[in-house]
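The values are calculated or read from the model by the stated rules, or taken from the named source; none is laboratory data. None of the values given here were measured: they were computed from a predicted structure. Here Cβ is always computed from backbone atoms with ideal geometry, including for glycine, and neighbour counts include all displayed protein chains. Protein only, heavy atoms only, side chains kept; ligands, DNA and RNA dropped before computing areas. Shrake-Rupley method; radii C 1.70, N 1.55, O 1.52, S 1.80 Å.
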Amino acid sequence: MTIVHWDPWFVVVLKPSGLLSQPGRGSHLQDSLITRLQRWSEDHHLVHRLDRDTSGLVLVARGLDSLRRCSALFAARRVNKLYEAEVVGQLQGRGRIDSRLARLDRDPPRYGDHPRGRPSTTLWRVRARQPNSTQLWLRPLTGRSHQLRAHLAGIGHPIVGDPIYGEAMTTPMRLHARALAFEHPFTGRRLRVSTRQEDVPHAS
């Protein structure tokens, strides 16, 4: 794995597509980002997660005090998250997606709009257009499971390579957690960490 930021309180790690953030159910799903980090030090703790098929930046606390402070930032929505994605079809301009997301299927887990779901909001803006697809900047204002994938599929533009909401391909799903920005919970300084999808190593 690639460590993009390191300090005494937390690390920001670049997770490849295909690697779990934390262990799943079953002996064959024990390899994950956090188990690999805990071989280095058991005092690493996930602050948030990315889907297995999503690549990008993950914040990992070093110690329980850091975990509490970093988790509080996410709970208060004081962390700005920027994603990049490539979706099927053509979109123009920018937009906002609001829905109430709930899990509709269990295996594989699939989420969609439901009257009893949890409110969720995603902002999107066109980054570039291609003949059969569109590259987007995405900013989730909430952090629901599968939010970006379900939202884009819900408006008829699933993410390229999405094995659940679209059509699986031999290449990784084109969704990448590009940047995290927040006030450092220990120093008070504004911190922004960014990376490109092209920088992501393959899971191994």
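Filter the range 42-55 for residues that are farther than 21 Å from L148 by Cβ and surrounded by 13 or more Cβ atoms within 10 Å (Cβ to Cβ) and give the result.
First, pick out the residues of the range 42-55 that are farther than 21 Å from L148 by Cβ: 42-45.
Of everything in the range 42-55, those that are farther than 21 Å from L148 by Cβ and surrounded by 13 or more Cβ atoms within 10 Å (Cβ to Cβ) turn out to be D43, H44, H45.
Inside the range 67-90, can you point out the residues that are within 30 Å of M169 (Cα to Cα) and touching a helix residue (DSSP H, G or I) at 6+ places or on another chain (Cβ under 8 Å)?
Y83, E84, A85, V87 - these are the residues of the range 67-90 that are within 30 Å of M169 (Cα to Cα) and touching a helix residue (DSSP H, G or I) at 6+ places or on another chain (Cβ under 8 Å).
Just name the residue that is nearest to P108 (Cα to Cα) out of those in the range 161-179 that are among the small types (G, A, S) and under 16 Å from the mean Cα position of the chain (by Cα).
If we take residues in the range 161-179 being among the small types (G, A, S) and under 16 Å from the mean Cα position of the chain (by Cα), then G161 is nearest to P108 (Cα to Cα).
One line per residue, one yes/no per condition, for (1) touching a residue at least 24 places away in the same chain (Cβ under 8 Å); (2) within 28 Å of G156 (Cβ to Cβ); (3) part of a strand (DSSP E or B):
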{"residue": "H5", "(1), (2), (3)": "yes, no, yes"}
{"residue": "R36", "(1), (2), (3)": "yes, no, no"}
{"residue": "V60", "(1), (2), (3)": "yes, no, yes"}
{"residue": "E86", "(1), (2), (3)": "yes, yes, yes"}
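Could you tell me how many of the residues in the range 12-41 are more than 25 Å from P108 (Cα to Cα) and surrounded by fewer than 19 Cβ atoms within 10 Å (Cβ to Cβ)?
4
Just to be sure I understand, how many residues within the range 62-84 are in a strand (DSSP E or B) and either open to solvent by 70 Å² or more (accessible area, probe 1.4 Å) or under 20 Å from L37 (Cβ atoms) (or both)?
Of the residues in the range 62-84, 1 are in a strand (DSSP E or B) and either open to solvent by 70 Å² or more (accessible area, probe 1.4 Å) or under 20 Å from L37 (Cβ atoms) (or both).
Being of a type outside the set (D, E) and buried (at least 18 other Cβ atoms within 10 Å of the Cβ) is the requirement here; does H176 meet it?
Details: of a type outside the set (D, E): yes; buried (at least 18 other Cβ atoms within 10 Å of the Cβ): yes.
Taking the combined requirement at face value, the residue satisfies it.
Just to verify a result, which residue in the range 88-123, among those that are in a strand (DSSP E or B) and exposed (fewer than 13 other Cβ atoms within 10 Å of the Cβ), is nearest to the chain's Cα centre (by Cα)? Let's see the steps before the verdict.
So the first thing to find is which residues in the range 88-123 are in a strand (DSSP E or B), and the list is 88, 94-106, 109-113, 118-123.
Then drop every residue that is not exposed (fewer than 13 other Cβ atoms within 10 Å of the Cβ), which leaves 94, 96, 98, 105-106, 109, 119.
Details: R94: 20, R96: 18, D98: 18, D105: 20, R106: 20, P109: 16, P119: 18 Å.
The qualifying residue nearest to the chain's Cα centre (by Cα) is P109.
Condition first: basic (K, R) and either within 17 Å of L104 (Cα to Cα) or surrounded by 20 or more Cβ atoms within 10 Å (Cβ to Cβ) (or both). Now tell me which residues in the range 132-157 satisfy that. Can you show your working first?
Here is the first cut: in the range 132-157, the ones basic (K, R) are 139, 144, 149.
Answer for the range 132-157, where residues must be basic (K, R) and either within 17 Å of L104 (Cα to Cα) or surrounded by 20 or more Cβ atoms within 10 Å (Cβ to Cβ) (or both): R144, R149.
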